[in-house]
Amino acid sequence: TQQSLPKSRPGPNILANQSIRSPLKARANALWPLRKALPVWSHASEIRQGLRIKDIILLVGETGSGKSTQVPQILAGEPWCKSRPVTLENARQTVNVGGCIAITEPRRVAATTLARRVAEEMGTPLGSSSPASKVGYSVRFNNSTSPCTKIKFLTEGMFLQEMLRDPWLKQYSAVIVDEVHERGVNVDLILGFMRNIAAGRLEGRGGIPLKVAVMSATAEMERLGNFFEEGYVPSSNGVDPEENKSDGSESEWSGITSSDEERGTADSQGKQPDQLPHINEKQPKKSPHANGGQSEKSCAHVATCHIEGRQFPVTINYTPEPVQDFVNAALRTTFKIHYQEPMPGDVLVFLTGQETVESLESLVNEYALGMSRDVPKMLVLPLFAALPQAAQQRVFQPAPPRTRKIILATNIAETSVTVSGVRFVIDCGKAKIKQFRTRIGLDSLLVKSISKSAAIQRKGRAGREAAGQCYRLYTEQSYLDLEPSNTPEILRCDLSHAILTMKARGIDDIINFPFLDRPPREALEKALMQLYQLGALTDTGAISEIGQQMATLPLTVSLGRVLIAAAEPELDCVSEVIDIISCLSVENIFLNLTSEEKKEEAQLARRELYRREGDHLTLLMTVQAYAAENADRKAWAERHFVSHRAMQAVMDVRKQLRAQCQQSKSLKGKTPRQITPELATSLLKCFLKGFATNSARLMPDGSYKTIVGNQTVAIHPSSGLFGKKVEAIMYNEFVFTTKSYARGVSTVQMDWIGGALGV
Ligand code: ADP
């Protein structure tokens, strides 16, 4: 078998012999020298060999070393990465197993931009644009793949959805789990599932192993290594992988590849590990995810590879005093750099979220108008998760001559995407993070100080291509006081979606799931309670029909519940609910205005969109009016102080959700209806099915107190109901800035809340 393996990889250099007439191939050829220079290429054979001998490899390397773009390409030509027909024991049919590589990303912007870049590097069209495309992506509300897809970038959420449809991941030969250092809840679930699948439980894959690469920008190698080692169950052909090792380094890999090929068939005949009790009957009997994590034997079966960084020195500048208004400080620093520092050298500013990005964007643009002609131009480019794809893509394009790019980003740019040309970083030291607040029992978005490791990552973005500078908008002491690293999300967030995903996959024994960090029992119980309250779990804790449906929706459990409720005949408002949900999945569709004068002007212009029932209905009015505008949507948006950019993202989401509901027959293609009071009531009752616990009642003193937790909450100034006193409110989000605010608020009746809570 060894001879059958190619000695050198058919890298892009084979393109040199191909016709340069194809512009795609010519572009791929032009990119090859840049790729070859990336640090990861000096480890290419180590990575290939590592996965020939072992099923799991851990790769640690600096951001920008080429892990995300190159590793899938390095592995795609491997002998194990082929589709093979397999006759499954119980299926009595032949299915194709393997052939494709999945690579998971925490953010959609990374999944789509990486797929685009890799397609370009491989000289293949992207995604669904051509049936011959070899690179595709799947992100929430957008699946772009072809029958020939060989490398597929997925958000972690979409990957988990795929696991729901096919627990054995039959289309894949390998799964690359990227950006593990981000440690969102989903990646922790994926790691747990991968540990079980890669642990030799291969029955549902006809014995064909699934290779796993785990990649991280920060070294947590030892912990991850132990995690996978602990879960390892030796291949059931009885061969200890240790025996695969030969003693001479020269011939180190010989024989391994053959056993690798053989192992595929041997595994299926081997003994089957004991199953844990409580496996959901609906699931495949031998679900690969159902292992509670017990190890039968520990073996060194995890390969590791360190990719050294290529970092130039970065000078750090602190502020002498704490900064009160970081948007203003960032504005001043941006102009200071622009006036004082030589070109080229782009600026990357880290802010907290869409709102701060947009305020700084308008401020910089406003001040830039006053620059004299002999100063180079500025090109301000926002970068945040909810930005439409076309706008995200602009960040990667080179600036026009005599122009400095000013990229205003959220923590997306920390490690997820690498933008070349940056020499200056401005770090506000804060980020918006999701935090579970036990007292009120829900997640809220809080603006918090970043960790030291995040500050180091941000600084590092300035020294990728040459020496750079980092302006920290905080004092040195504040830096020293930062927490060393980010707390994994699973320890601080609502776990209901995670648990629903696990339940839908047949894992009933949640407590024994192999978590890299075990969430507190209290949080698990809270999430189980919420799922029960939403009707996703039955009295015995098993997943219900509603729960199964919720698990397949690309929405939070609450929004999923709302969408399912909308299809009930007595509520019957799927189309309108989709419109509202689409808006809620985009951070803010209304322009964030700073001056009082503009605010008043906007209020007047938006009067026709405003609904007294509250923000949910106002969003619906806005989407309907925007969608009905056939002449010039951009002008319409400007007239109404609505963000055209955000509305484009809303329309993207709306289209995808409508398609999904049409497929499941819950949406029957109705034209927009007039919003009558009856329809408004149905809509609000529908939202209460998912958000009854996000409600508050009016107290005699005029304040609002939450129904769950009895906590004071005020209506956020951004809400149309700001300052209004109504019997009760329901809200989409709980934010804590200077005090507790409810955002996305509508008026409801106490008896509706009671009905939704089943009391
Ligand atoms: P890592 O995963 O190690 O952070 P990547 O593979 O994402 O590294 O990036 C490697 C290099 O590829 C980057 O330094 C950048 O120069 C280039 N690159 C990545 N994505 C893009 C893109 N969308 N457009 C242009 N260049 C890109």
May I ask you to list pairs of residues, at least six apart or on different chains, whose Cβ atoms are under 7 Å apart, with the first in segment 138-153 being within 10 Å of Ala115 (Cα to Cα) and the second being outside any strand (DSSP E or B) and among the β-branched types (Val, Ile, Thr)? Ser138/Thr145; Ile151/Val118; Lys152/Thr145
Here the residues within segment 619-652 that are assigned to a helix (DSSP H, G or I), surrounded by fewer than 23 Cβ atoms within 10 Å (Cβ to Cβ) and in contact (Cβ under 8 Å) with a residue 60 or more places away in the chain are Arg645, Ala646, Gln648, Met651, Asp652
Taking segment 386-412 as the region of interest, how many residues are buried (at least 18 other Cβ atoms within 10 Å of the Cβ), touching a residue at least 40 places away in the same chain (Cβ under 8 Å), within 16 Å of the ligand (Cβ to nearest atom) and in a loop (DSSP other than H, G, I, E, B)? 3
How many residues, within segment 463-499, are away from the ligand (no atom under 16 Å from the Cβ), among the small types (Gly, Ala, Ser) and more than 30 Å from Lys526 (Cα to Cα)? 2
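This table checks each residue for (1) surrounded by 14 or more Cβ atoms within 10 Å (Cβ to Cβ); (2) more than 28 Å from Thr475 (Cα to Cα).
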site: Gln311; (1), (2): yes, no
site: Leu331; (1), (2): yes, no
site: Thr334; (1), (2): yes, no
site: Tyr339; (1), (2): no, no
site: Gln354; (1), (2): yes, no
site: Leu369; (1), (2): no, yes
site: Leu381; (1), (2): yes, no
Checking Asp346 against (1) surrounded by 14 or more Cβ atoms within 10 Å (Cβ to Cβ); (2) farther than 30 Å from Leu59 by Cα; (3) modelled with pLDDT of 95 or more, only one condition comes out false. Which one? (2)
Working carefully through the options Val109, Val71, find the one that is at pLDDT 90 or above, within 16 Å of the ligand (Cβ to nearest atom), within 27 Å of the chain's Cα centre (by Cα) and surrounded by 18 or more Cβ atoms within 10 Å (Cβ to Cβ). Val71
When you check Ala413 against the structure, is it out of contact with any helix residue (DSSP H, G or I) (no Cβ under 8 Å at 6 or more places or on another chain) and either under 30 Å from Asn142 (Cα atoms) or among the charged types (D, E, K, R) (or both), yes or no? no
Tell me, please, whether a residue that is under 29 Å from Ala551 (Cα atoms) and not aliphatic (A, V, I, L, M) can be found in segment 625-647. no
Kindly indicate whether Val118 is within 15 Å of the ligand (Cβ to nearest atom), in a helix (DSSP H, G or I) and at pLDDT 95 or above. yes
Within segment 374-383, is there a residue that is basic (Lys, Arg) and either out of contact with any Pro (no Cβ under 9 Å at 6 or more places or on another chain) or within 30 Å of Val139 (Cα to Cα) (or both)? no
Failed item in (1) surrounded by fewer than 22 Cβ atoms within 10 Å (Cβ to Cβ); (2) in contact (Cβ under 8 Å) with a residue 24 or more places away in the chain, with Gly66 passing the rest: (1)
Could you please find all residues in segment 480-521 being assigned to a helix (DSSP H, G or I) and either among the hydrophobic types (A, V, I, L, M, F, W, C) or touching a Phe, Trp or Tyr at 6+ places or on another chain (Cβ under 7 Å) (or both)? Leu480, Ile490, Leu491, Ala498, Ile499, Leu500, Met502, Ala504, Ile510, Ile511
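The values are calculated or read from the model by the stated rules, or taken from the named source; none is laboratory data. Treat the numbers as computed from the prediction; the structure is a model and nothing was measured. When we count neighbours, we look across all protein chains shown, and the Cβ atoms used for this are built from the backbone with ideal geometry, even at glycine.
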